[in-house]
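Asker: First the structure, which I've put down as structure tokens, then a few questions once you've had a look.
The values are calculated or read from the model by the stated rules, or taken from the named source; none is laboratory data. All of these numbers come straight from a predicted model, not from anything done at the bench. Ideal geometry is used to build each Cβ from the backbone, glycine not excepted, and the neighbour counts take in all protein chains shown. To get the accessible areas, we keep the full protein, side chains included, count just its heavy atoms, and leave off ligands, DNA and RNA. Shrake-Rupley method; radii C 1.70, N 1.55, O 1.52, S 1.80 Å.
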Amino acid sequence: MGNSLVKFSRDTVRDVKVVARGWRWGRRPQVPRSAEAYVVPKETSVFPTRWARTPAAIAIRDVLQKGPLNAVLNVNVKPEVSGLDSLRKLDGPALIVANHSSHLDTPLLLLSLPDSMRRRTAMAAAADYFFDTWWRAAGSAIVFNTFPIERRGGKLSATPGDLLADGWNVVVFPEGTRSPDGWLQRFRLGAAYLAVEHNVPVIPVGIKGSFAAMPRGRSWPVPGRPTVAVRYGDPIRPAEGESPRD
């Protein structure tokens, strides 16, 4: 009797292991992808943001940025801004290009700009993160004047070029996402392409201390009101015949 129970147990364990090896864990397909029937990819809808650049939206955003957003930022961190004289060398719209390691970077950059320039500045934001739900999309558009840009498929939204042509400054984080460790990541070519294609200058911006103040994974800055520095550099203009990669 005892030997029979042991044998039964062994057989049961073996059968469970066999079933487990063939089970569709994580909804794994049963056939190779090449053998599956072709399905036309579903087109994703693009959240409209033109309304966020109307006079009424600009006025509301100005109140939100200079009021509660500015107050919350200055209570939690101590911003130090330098190099604003470089912005006086501009005579039209520009690409503002900065390193990116924290959610603090967007409000820090926007609130460090002169008011007249800040009101005419739009932010490129990842479509798969900031525009995945209507409430997040609407909130970021009204507060930060964001517009969606695709970062996974390598596509470049037509919106940045349209905004530059209309006289708007455009902020681009060329790393495409926040740095996981605070170190500068590889740049993508989107900002350089826009600068060459539309013949607009690039304003380089260095943001220092935002990773320590609010690294990736935190939903609020660390206590102690750490110092975060924002430094603007002189405009960089594409040379004649220079390619985006150059």
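Asker: Within segment 144-162, restricting attention to residues that are under 14 Å from PHE131 (Cα atoms) and among the charged types (D, E, K, R), which residue is modelled with the lowest pLDDT?
Answerer: Keep residues of segment 144-162 that are under 14 Å from PHE131 (Cα atoms), which gives 144-152, 157.
Cutting the leftovers down to among the charged types (D, E, K, R) gives us 150-152.
Values: GLU150: 72, ARG151: 61, ARG152: 56.
Filtering first and then ranking leaves ARG152.
Asker: Please tell me if PRO238 is modelled with pLDDT of 85 or more and either loosely packed, with under 13 Cβ neighbours inside 10 Å or part of a loop (DSSP other than H, G, I, E, B) (or both). Before you say what the answer is, go through the steps one by one.
Answerer: On the way: modelled with pLDDT of 85 or more: yes; either loosely packed, with under 13 Cβ neighbours inside 10 Å or part of a loop (DSSP other than H, G, I, E, B) (or both): yes.
Taking the combined requirement at face value, the residue satisfies it.
Asker: Answer with yes or no whether ALA52 is on the phi < 0 side of the Ramachandran plot, of a type outside the set (S, T, N, Q) and either outside any helix (DSSP H, G or I) or modelled with pLDDT of 95 or more (or both). If you could, list the steps in order and put the result at the bottom.
Answerer: Details: on the phi < 0 side of the Ramachandran plot: yes; of a type outside the set (S, T, N, Q): yes; either outside any helix (DSSP H, G or I) or modelled with pLDDT of 95 or more (or both): no.
Spelling it out, it is not the case that ALA52 is on the phi < 0 side of the Ramachandran plot, of a type outside the set (S, T, N, Q) and either outside any helix (DSSP H, G or I) or modelled with pLDDT of 95 or more (or both).
Asker: Any chance you could count how many residues in segment 219-235 are open to solvent by 100 Å² or more (accessible area, probe 1.4 Å) and under 22 Å from the mean Cα position of the chain (by Cα)?
Answerer: 3
Asker: Looking only at helices (runs of 4 or more DSSP H) that fall completely inside segment 71-187, which ones have 3 or more residues that are open to solvent by less than 20 Å² (accessible area, probe 1.4 Å) and under 25 Å from ARG218 (Cα atoms)?
Answerer: Numbers: elements: 105-112, 115-118, 127-130, 134-144, 159-165.
Correct list: 105-112, 134-144.
Asker: Since TYR232 meets every condition but one in (1) in contact with a Ser or Thr (Cβ under 7 Å, 6 or more places away or on another chain); (2) farther than 23 Å from ARG186 by Cα, which condition does it not meet?
Answerer: If we test TYR232 against (1) in contact with a Ser or Thr (Cβ under 7 Å, 6 or more places away or on another chain); (2) farther than 23 Å from ARG186 by Cα, just (2) comes out false.
Asker: Which condition number in (1) open to solvent by 80 Å² or more (accessible area, probe 1.4 Å); (2) under 26 Å from THR54 (Cα atoms); (3) assigned to a loop (DSSP other than H, G, I, E, B) is the one that VAL200 fails?
Answerer: (1)
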